[in-house]
Amino acid sequence: MTELWPRVEPLLAGVEKPARYIGMERGSVRPVHRPSAVSWLLVYPDTYEIGLPNQGLQILYEILNEREDALAERAYAPWLDMDAAMRAQGVPLFSVDTHHHAGEFDVFAFGLAAELVYTNVLECLDLAGVPVRGEDRRPEHPIVVAGGHSVFNPEPMADFVDAFVIGDGEEAVGEITEVVGAWKRGGRASREAVLRDLASIPGVYVPSMYEVDYDGPAIAEVRPRFDDVPEVVEKRTVADLGDWPYPKRQLVPLIEVVHDRLNVEVFRGCTRGCRFCQAGMITRPVRERPEEQVRTMVREGLRRTGYDEVALTSLSTADFSGIDGLVAGLVNDQEGCGNVSLSLPSLRVDAFTVGIASEIQKVRRTGLTFAPEGGTWRIRQVINKLISDDDLFAAVEGAYSQGWQRVKLYFLIGLPTEMDEDTLGISELAREVVKIGRKYTKKASATASVGGFVPKAHTPFQWFGQNGVEELRRKVFLLRDDLRKSGATLKWHDPAATFAEGIASRGDRRIGRVIEHVWRNGGIFQEWSERFDLTRWLDAMAAEGLDPDWYVTRHRTDEEVLPWDHIAAGLHRDFLWDDWKAALQEHGLPDCRWTPCYDCGVCTDFALEHVVASPVPPAGGSQGTGQGLGFGREVPVELITKGQTQVAAG
Ligand code: SF4
């Protein structure tokens, strides 16, 4: 292995935030590379500040480093200045822990949380000297792996990734280590042979083992090339989070990062059934961490890291069945977090959660965030976010009356069946929220944050034709005009970026050529508004002879083969189609944690069940949630006890 520190160090004086590249954080390790261990490079393809807090990466980093037969290091995408300096000096991508050459690791594994980072994957591979296309790699090159929520439609990245891990990675990384270790010991003979072995691991999808036939622009069939390769790859699910108390040694960054606090995951999965929410659909069933383990992780984590803030994370933390007891216990635990701030990053919209908020945020109540997602009750029934106007107003009243001054509201625009009265319902709600606040303080303010809806794979809205750029802009301007002089502020996400996300989210294998074209034309860091330019994407689509509207704004039919049909998130396609039809009829569907199962397929097919500590719903548990997707990703509905409402970057 080539150590690059002597060549990296001289570059640091000339770049912004050199601490991004030096490692040595508390909680990090400097593993000794040895022939008997499979070396993993875990890469988050965005900056250090965005990537370091990623819990998935930190969990796998620890699990792999605990194994005798593996070791793991980390890398992040170098920012533009460092990238240019590295290219100018011929310095390849390196790990931040020991500054070894990234291209010399056995496994090069990406965490893909959002689609617009895809071009950064190519940049990282190229910087490491690894051919970006799988077909050009030779036995000496790393096996390129990817996981994360975005890979539930892996096809746009099929040309670049050798093997995708679908679902939870805790167990799969061990199995991949064994296969790659055996390949190494056998002299790294045929790359095709090791990929075929990887394809036999449950939850691992190896795209080169599948042929795709087209019928004009449509997919006719996706079929395995060999009999021993599964027709459908089923996601991995860790049955009991109690078996995986990770991360035990959370990394403490050297510079400020997003979510800069101790993060403890209290449960995985969500059965609220918000129809726009891919995260909720693909992570079912609900698996709660035992309360006692949460307390231990909080106590130990605070002791190790020195943080003065802890977040209990999940898709909808107030839905944790023992949340009130847990919060009260933590707040009163002088040994644990008696003197630290506690935050719940995802809150439902109801008075109960405001009550929890007031329990943990006793001082400086300046900002509180809710996500009603839709402007009218009608559209909220369509998206199954069953929050009435009264729920919202009661929560807001509770917040202002207890001293909060700012309320932020998250909404999606471009939802199925949306009419202008639904869009304008957003401004009506925002105006009413300001009015409620002004009863309590002249300083009361409200911000409506709107993002364009991107339909995602494995959701009931996967068949919906996304709104185009012009239509989303029209809706934004409608709101902007309607909110003039209202006392409420409007913020919106760029509809052009929403369109590009639509191309990458529901694309098929042919979109790989588009991603490569965008990358070759300088399109990296596409998640960053100052770096994004839709023209690059449209030029790439034109160059590849692909119609953007066919991919983005077209409604799909029930008969159509979808690019991800050979990937199983557990939800029956019939269930999703019926739920899509129910959406169009404005019918809601209750949370199956507390109602009889409606056979979506996840528990029955995977012989799993919800792991819920308390057998009865928590107070307010039958109401809407504060979780969801906005800007095509999980919207963190942050409640920060230091008094600011934060929106996660990137
Ligand atoms: S199988 Fe039933 S209980 Fe399990 S997530 Fe689906 S609807 Fe809920």
Residue in region 273-286 that is surrounded by the most Cβ atoms within 10 Å (Cβ to Cβ), counting only those that are within 11 Å of the ligand (Cβ to nearest atom) and either at positive phi or not in a loop (DSSP other than H, G, I, E, B) (or both) = MET281
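Quick check on my filter: what residues within region 287-302 are within 16 Å of the ligand (Cβ to nearest atom) and either more than 26 Å from GLY203 (Cα to Cα) or in contact with a Lys or Arg (Cβ under 7 Å, 6 or more places away or on another chain) (or both)?
Of the residues in region 287-302, the ones within 16 Å of the ligand (Cβ to nearest atom) are 287-288.
Result: ARG287, single match.
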message = Scan region 439-447 and tell me whether some residue there is crowded, with 22+ Cβ neighbours inside 10 Å and charged (D, E, K, R).
response = no
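How many residues are part of a strand (DSSP E or B) and not β-branched (Val, Ile, Thr) when one looks only at region 378-414?
Of the residues in region 378-414, 6 are part of a strand (DSSP E or B) and not β-branched (Val, Ile, Thr).
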key: Checklist (1) more than 28 Å from LEU386 (Cα to Cα); (2) open to solvent by 10 Å² or more (accessible area, probe 1.4 Å); (3) in contact with a helix residue (DSSP H, G or I) (Cβ under 8 Å, 6 or more places away or on another chain) applied to ALA239, failing item   = (3)
key: Enumeration of residues in region 1-28 that are assigned to a loop (DSSP other than H, G, I, E, B), of a type in the set (D, E, K, R) and in contact with a helix residue (DSSP H, G or I) (Cβ under 8 Å, 6 or more places away or on another chain)   = GLU16, LYS17
request  = Test ASP549 against the stated conditions and say whether it is within 16 Å of the ligand (Cβ to nearest atom), open to solvent by 40 Å² or more (accessible area, probe 1.4 Å) and in a helix (DSSP H, G or I).
outcome  = no
query = If the Cβ limit is 8 Å and pairs must be 6+ apart or interchain, which residue in region 448-461 that is over 13 Å from ILE413 (Cβ atoms) pairs with which residue that is open to solvent by 10 Å² or more (accessible area, probe 1.4 Å) and of a type in the set (S, T, N, Q)?
reply = LYS456/GLN278; ALA457/GLN278; HIS458/GLN278; THR459/GLN278
ask   = Being open to solvent by less than 40 Å² (accessible area, probe 1.4 Å) and in a loop (DSSP other than H, G, I, E, B), is that true of even one residue in region 63-78?
value = yes
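Residues in region 72-107 that are of a type in the set (Ser, Thr, Tyr) and within 26 Å of the chain's Cα centre (by Cα): how many? Explain how you work it out, then say what you get.
Residues of region 72-107 of a type in the set (Ser, Thr, Tyr): 76, 95, 98.
Imposing the further condition that a residue be within 26 Å of the chain's Cα centre (by Cα) reduces the set to 76, 95.
The total comes to 2.
Tell me, yes or no, whether region 492-508 has at least one residue that is surrounded by fewer than 21 Cβ atoms within 10 Å (Cβ to Cβ) and out of contact with any strand residue (DSSP E or B) (no Cβ under 7 Å at 6 or more places or on another chain). Talk me through it step by step, then tell me what you get.
Within region 492-508, the subset surrounded by fewer than 21 Cβ atoms within 10 Å (Cβ to Cβ) is 493-494, 496.
Still in the running and out of contact with any strand residue (DSSP E or B) (no Cβ under 7 Å at 6 or more places or on another chain): 494, 496.
Yes: one or more hits.
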request  = Would you confirm whether any residue within region 584-591 is over 22 Å from VAL151 (Cα atoms), at pLDDT below 95, open to solvent by less than 20 Å² (accessible area, probe 1.4 Å) and within 15 Å of the ligand (Cβ to nearest atom)?
outcome  = yes
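Results for (1) open to solvent by 60 Å² or more (accessible area, probe 1.4 Å); (2) within 16 Å of the ligand (Cβ to nearest atom), shown as yes or no for each residue.
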{"residue": "GLY545", "(1), (2)": "yes, no"}
{"residue": "HIS566", "(1), (2)": "no, no"}
{"residue": "GLY570", "(1), (2)": "no, yes"}
{"residue": "PHE575", "(1), (2)": "no, yes"}
{"residue": "ASP578", "(1), (2)": "yes, yes"}
{"residue": "THR595", "(1), (2)": "no, yes"}
{"residue": "GLY601", "(1), (2)": "no, yes"}
key: When residues of region 377-407 are limited to those that are closer than 25 Å to GLN466 by Cα and basic (Lys, Arg), the one surrounded by the fewest Cβ atoms within 10 Å (Cβ to Cβ)   = ARG378
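Condition check ((1) loosely packed, with under 13 Cβ neighbours inside 10 Å; (2) within 27 Å of ARG556 (Cα to Cα); (3) not assigned by TED's automatic domain parsing to the domain that holds GLU170) across all residues:
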position: LEU198; (1), (2), (3): no, no, no
position: ILE201; (1), (2), (3): no, no, no
position: TYR205; (1), (2), (3): no, yes, no
position: SER208; (1), (2), (3): no, yes, no
position: VAL212; (1), (2), (3): no, yes, no
position: GLY216; (1), (2), (3): yes, yes, no
position: PRO224; (1), (2), (3): no, yes, no
position: VAL229; (1), (2), (3): no, no, no
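Can you tell me which residues in region 183-211 are within 26 Å of the chain's Cα centre (by Cα) and assigned to a helix (DSSP H, G or I)? Steps first, please.
Residues of region 183-211 within 26 Å of the chain's Cα centre (by Cα): 198-199, 201-208.
If the condition is that a residue be within 26 Å of the chain's Cα centre (by Cα) and assigned to a helix (DSSP H, G or I), then LEU198, ALA199, PRO207, SER208 are the ones that fit.
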ask   = Quick one: would you say ILE511 is under 19 Å from TYR410 (Cα atoms) and surrounded by 24 or more Cβ atoms within 10 Å (Cβ to Cβ)?
value = no
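Starting from residues that are farther than 30 Å from GLY306 by Cα and in contact with a Gly (Cβ under 7 Å, 6 or more places away or on another chain), keep the ones in region 224-271 and report whichever is modelled with the lowest pLDDT.
We begin by selecting, within region 224-271, every residue farther than 30 Å from GLY306 by Cα; these are 224-237, 239, 270-271.
After this cut, where a residue has to be in contact with a Gly (Cβ under 7 Å, 6 or more places away or on another chain) as well, the list is 233-237, 270.
Details: VAL233: 98, GLU234: 97, LYS235: 97, ARG236: 97, THR237: 96, CYS270: 91.
Residue satisfying both the conditions and the ranking: CYS270.
Please count how many residues of region 302-316 are more than 23 Å from the chain's Cα centre (by Cα) and at negative phi. Show your work before the answer.
Taking region 302-316 as the starting set, the residues that turn out to be more than 23 Å from the chain's Cα centre (by Cα) are 302-308.
Next, only the ones that are at negative phi stay: 302-305, 307-308.
Qualifying residue count, region 302-316: 6.
The values are calculated or read from the model by the stated rules, or taken from the named source; none is laboratory data. Just so it is clear, the structure is predicted and the values come from calculations on it, not from any experiment. Virtual Cβ from ideal backbone geometry, glycine too; neighbours counted across all protein chains shown. Keep in mind that these areas ignore ligands, DNA and RNA; they rest on the heavy atoms of the full protein, side chains included. Shrake-Rupley method; radii C 1.70, N 1.55, O 1.52, S 1.80 Å.
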